[in-house]
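Structure record follows, encoded as structure tokens.
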Amino acid sequence: MNTLSPNWLTEHLIDFEYKKYVLLAYLQNIRKELGAQKLYPAFADLIFHYRNLCHLRDNKNLFYEQFPQKISHADFERLQLVYKNIVEDDETMRVIEDLVHYSIPLIGGALEEAREIYDHIERQIEISPVGITPLNTDRGYMFLSKAQSHDTIIYTYHITIFEDRHERFRGIHTAYLETASITLTQTYEQLKLNLTRRFTQWPNPATFAIIAKVACPLEESLLPIARRALVKHISQMAA
């Protein structure tokens, strides 16, 4: 997927038609990805650009922070560089403001399409505990399977908690372990038991089976959505 630079508004030629072409080419590539149900990195990229544009629209002073800076003169005595903004004329700022107002609904429309795909896949995911769930669910195994498939992909997971000034967040780290087959004799429960015997440092690991009832790419959609769904599921269990 061709990405859009974080500073695409102010890089290179600042011309409305040129920037319009850059944006439309980017969105065309984004929609190809979404058409194939490949959500990532497109979804995160759209969120970033949409929020950035809205901040620029609502905080006019941020326009100036978008511009690269050039050396106006050097203070050799203090070994300091004095910078000044490249752009100072009102006409250029008008072009950028027009681009911001033009771009927000277009990127917002693509973002809504991506969100609908995300929600559809998430609704088609079922999560269930495997065996007895321990009190500590921050570490364990995640079994990821697609409906109509006998294979399950085994990941280890580790949930971390970090916080800023306003709220706490949960993050998740996963690592691929192996792929196994689910049969009449090797159930999810038996698979968990085998893992416990092999990796004795986890005597009773939290283990969750996630089954997707919709076909979608693993790396670009299913895995990142499954990871977030598991965090949500464990958070609800702890509430």
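The values are calculated or read from the model by the stated rules, or taken from the named source; none is laboratory data. Owing to the predicted nature of the structure, the values given are computational and were not obtained by experimental measurement. Positions of Cβ are backbone-derived with ideal geometry, glycine not excepted, and every protein chain shown enters the neighbour counts. Keep in mind that these areas ignore ligands, DNA and RNA; they rest on the heavy atoms of the full protein, side chains included. Shrake-Rupley method; radii C 1.70, N 1.55, O 1.52, S 1.80 Å.
Of the listed requirements (1) without any contact (Cβ under 8 Å) to a residue 24 or more places away in the chain; (2) part of a strand (DSSP E or B); (3) open to solvent by less than 50 Å² (accessible area, probe 1.4 Å), residue 161 misses just one: (3). When residue 24 is tested against (1) surrounded by fewer than 13 Cβ atoms within 10 Å (Cβ to Cβ); (2) at pLDDT below 95, exactly one condition is not met: (2).
Listed conditions (1) open to solvent by less than 50 Å² (accessible area, probe 1.4 Å); (2) in contact (Cβ under 8 Å) with a residue 40 or more places away in the chain; (3) more than 28 Å from residue 44 (Cα to Cα); (4) not in a helix (DSSP H, G or I) are all met by residue 202, apart from (1). Of all residues in the stretch 164-192, those that are surrounded by 15 or more Cβ atoms within 10 Å (Cβ to Cβ) and either at pLDDT below 90 or closer than 17 Å to residue 137 by Cα (or both) total 4. Look at residue 138 and say whether it is over 24 Å from residue 170 (Cβ atoms) and either exposed (fewer than 14 other Cβ atoms within 10 Å of the Cβ) or of a type in the set (D, E, K, R) (or both). No; evaluated as a whole, the condition is false for this residue.
Could you tell me whether the stretch 156-173 includes any residue that is among the aliphatic types (A, V, I, L, M) and touching a helix residue (DSSP H, G or I) at 6+ places or on another chain (Cβ under 6 Å)? Within the stretch 156-173, one or more residues are among the aliphatic types (A, V, I, L, M) and touching a helix residue (DSSP H, G or I) at 6+ places or on another chain (Cβ under 6 Å).
Scanning the stretch 3-25 for residues that are outside any loop (DSSP other than H, G, I, E, B) and of a type in the set (Phe, Trp, Tyr) turns up 16, 18, 21. In the set (1) in a loop (DSSP other than H, G, I, E, B); (2) at pLDDT below 75, residue 136 fails one condition alone, (2).
Condition check: open to solvent by 40 Å² or more (accessible area, probe 1.4 Å), in contact with a Ser or Thr (Cβ under 9 Å, 6 or more places away or on another chain) and either at pLDDT 90 or above or among the β-branched types (Val, Ile, Thr) (or both). Does residue 211 satisfy that? Against the criterion (open to solvent by 40 Å² or more (accessible area, probe 1.4 Å), in contact with a Ser or Thr (Cβ under 9 Å, 6 or more places away or on another chain) and either at pLDDT 90 or above or among the β-branched types (Val, Ile, Thr) (or both)), residue 211 qualifies.
Within the stretch 214-239, the set of residues being out of contact with any Asp or Glu (no Cβ under 8 Å at 6 or more places or on another chain), among the small types (Gly, Ala, Ser) and open to solvent by less than 60 Å² (accessible area, probe 1.4 Å) comprises 221, 226, 235.
Note on the stretch 87-124: among residues that are open to solvent by less than 20 Å² (accessible area, probe 1.4 Å), aliphatic (A, V, I, L, M) and modelled with pLDDT of 95 or more, the one that is farthest from the chain's Cα centre (by Cα) is 104.
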